[in-house]
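The values are calculated or read from the model by the stated rules, or taken from the named source; none is laboratory data. Fair warning: this is a prediction, and the values are worked out from it, not measured in the lab. Neighbour counts are summed over all protein chains in view; Cβ atoms, including those assigned to glycine, are modelled from backbone coordinates with ideal geometry.
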């Protein structure tokens, strides 16, 4: 009878994980360039149940197979949906969105002062006083030569669909847009950054750079709320199963077999 308690418990743990994933999606519905995540579930491997040291079998050395038992569900892997988000018009030259597959290359600096290249779909960039094109957090946007992009702050800029930046009708830099052969080799870092893992291979990106636009999160509020309600109901169902088992055990321990005076 206790097997059912464990099965319901694993179900609750799994639904809690799914709920955490859905609520994180909803919390980032307004985050530029955010890609929603999903959670998978998998069953535990079937376990052969046997009866051991059973004197009724004539010998305590005999084991009797009772069958296979599946102890419930366990948390699987999270995945990222890289689908295109909707565009929001800003008319700001340095607000950039990618129409198609690809990522902006960013020179990221951690708290220890170490730099590395990160990739993002968040194109909410700004121009510093020194003329460097950076993210809102101050990380530098890289050009096709992996150099920081620096512009003349006294001149207006135009950005073409291929990422080339023009000032005074002259090309001064080209924004690097990189794509990957297999997104399974990308590791999510923070909310909108991705870093390649060992084995990641870059390919030519076919995305167009759209100046004056921002790509919003690809989170559908309605569908996420529907999923959240379904998860809550499933969590409550497992809760009720555990409560039922608890009531049954209470009756078995405190009432069944009770001697009458």
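Kindly check whether there is at least one residue in the range 102-122 that is without any contact (Cβ under 8 Å) to a residue 24 or more places away in the chain and closer than 22 Å to residue 179 by Cα. So far as the range 102-122 goes, yes, one or more of its residues are without any contact (Cβ under 8 Å) to a residue 24 or more places away in the chain and closer than 22 Å to residue 179 by Cα.
Counting only strands (runs of 3 or more DSSP E) that sit completely within the range 161-223, those holding 3 or more residues that are in contact (Cβ under 8 Å) with a residue 24 or more places away in the chain correspond to 177-180, 186-189, 193-196, 202-204, 208-211, 213-215. With respect to (1) out of contact with any strand residue (DSSP E or B) (no Cβ under 6 Å at 6 or more places or on another chain); (2) part of a loop (DSSP other than H, G, I, E, B), the lone exception for residue 101 is condition (1). Look at residue 134 and say whether it is surrounded by 13 or more Cβ atoms within 10 Å (Cβ to Cβ), closer than 23 Å to residue 190 by Cα and modelled with pLDDT of 95 or more. For residue 134, the condition - surrounded by 13 or more Cβ atoms within 10 Å (Cβ to Cβ), closer than 23 Å to residue 190 by Cα and modelled with pLDDT of 95 or more - is met. Considering (1) at pLDDT below 95; (2) surrounded by 15 or more Cβ atoms within 10 Å (Cβ to Cβ); (3) over 24 Å from residue 188 (Cβ atoms), the lone condition that residue 143 does not fulfil carries the number (1). Got at least one residue in the range 40-49 being surrounded by 15 or more Cβ atoms within 10 Å (Cβ to Cβ) and at pLDDT below 90? Yes: one or more hits.
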